[in-house]
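Below: the structure, in structure tokens.
Derivation of every value follows stated rules applied to the coordinates shown; laboratory data play no part. Computed from a predicted structure; not experimentally measured. Here the Cβ positions follow ideal geometry from the backbone for every residue, glycine too, while neighbour counts run over all protein chains shown.
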Amino acid sequence: MYIYQIMSNSFGYLDIILLGMIAGFIILRLRSILGRKTGHESKLYPNFAEKKFTMPKKDAETPKPNLDTLEGENKKEFLKGAEIAYESILTSFANGDLIKLKALLSPNMFSNFSDAIKVRNKEKIKSEFTFIGVKESSVEKYEKIKDNLFATVKFVAEVISVKKDKDDKIIEGNPDKIKFVTDSWKFTKNINNKSPNWYLSEIISQ
């Protein structure tokens, strides 16, 4: 009985020693694979690794345009816009579209166009208009007066224009004939207005 207890205790000690050796072996293997943590490792954060951060640069100041003259690219762009406005105004007037006209005319010119449309409607005159295209456009005069800019543009265009009475009888124009029209229109713009739009302010008689 005594001998049996001694052998049992010996096997218990051997088990503990064996388990300890296995645990030590596992720890050493883990250290060799994962390495040791020294506290000096570089910190990497998701989405920020190797990302360079710079102070935002101040936007370069946009040079102020010279409003005393209308030359170069500014002149080309202005004429493109003037041609579009010319076509839109003539077409909108023929169609009686007061909403589009209001966005393109000065208050005084809008009043004149609106009155002309009212008279035409009262007399039951129909206006049929086809804009063929601008053949030529040029800036005849440009000036800056205080805070207002003025530009007079000469247009040479091709159109088909016909007016009919209430019985559809032609009273003016020819639906089969293209005619040349020459107009001089003065556009204006206030430099303090946030809107970049120019407005038709005067139709100059030839």
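Descriptive notes on the structure:
- Conditions (1) surrounded by 11 or more Cβ atoms within 10 Å (Cβ to Cβ); (2) out of contact with any Asp or Glu (no Cβ under 6 Å at 6 or more places or on another chain); (3) of a type in the set (A, V, I, L, M); (4) over 18 Å from Lys186 (Cβ atoms); number of the one not met by Ile132: (2)
- Pair list, Cβ under 7 Å, 6 or more apart: region 69-86 residue touching a residue at least 40 places away in the same chain (Cβ under 8 Å), other residue surrounded by 11 or more Cβ atoms within 10 Å (Cβ to Cβ) and in a helix (DSSP H, G or I): Leu70/Phe78
- Scoring Val134 on the criteria (1) more than 31 Å from the chain's Cα centre (by Cα); (2) assigned to a strand (DSSP E or B); (3) among the hydrophobic types (A, V, I, L, M, F, W, C) leaves a single failure, condition (1).
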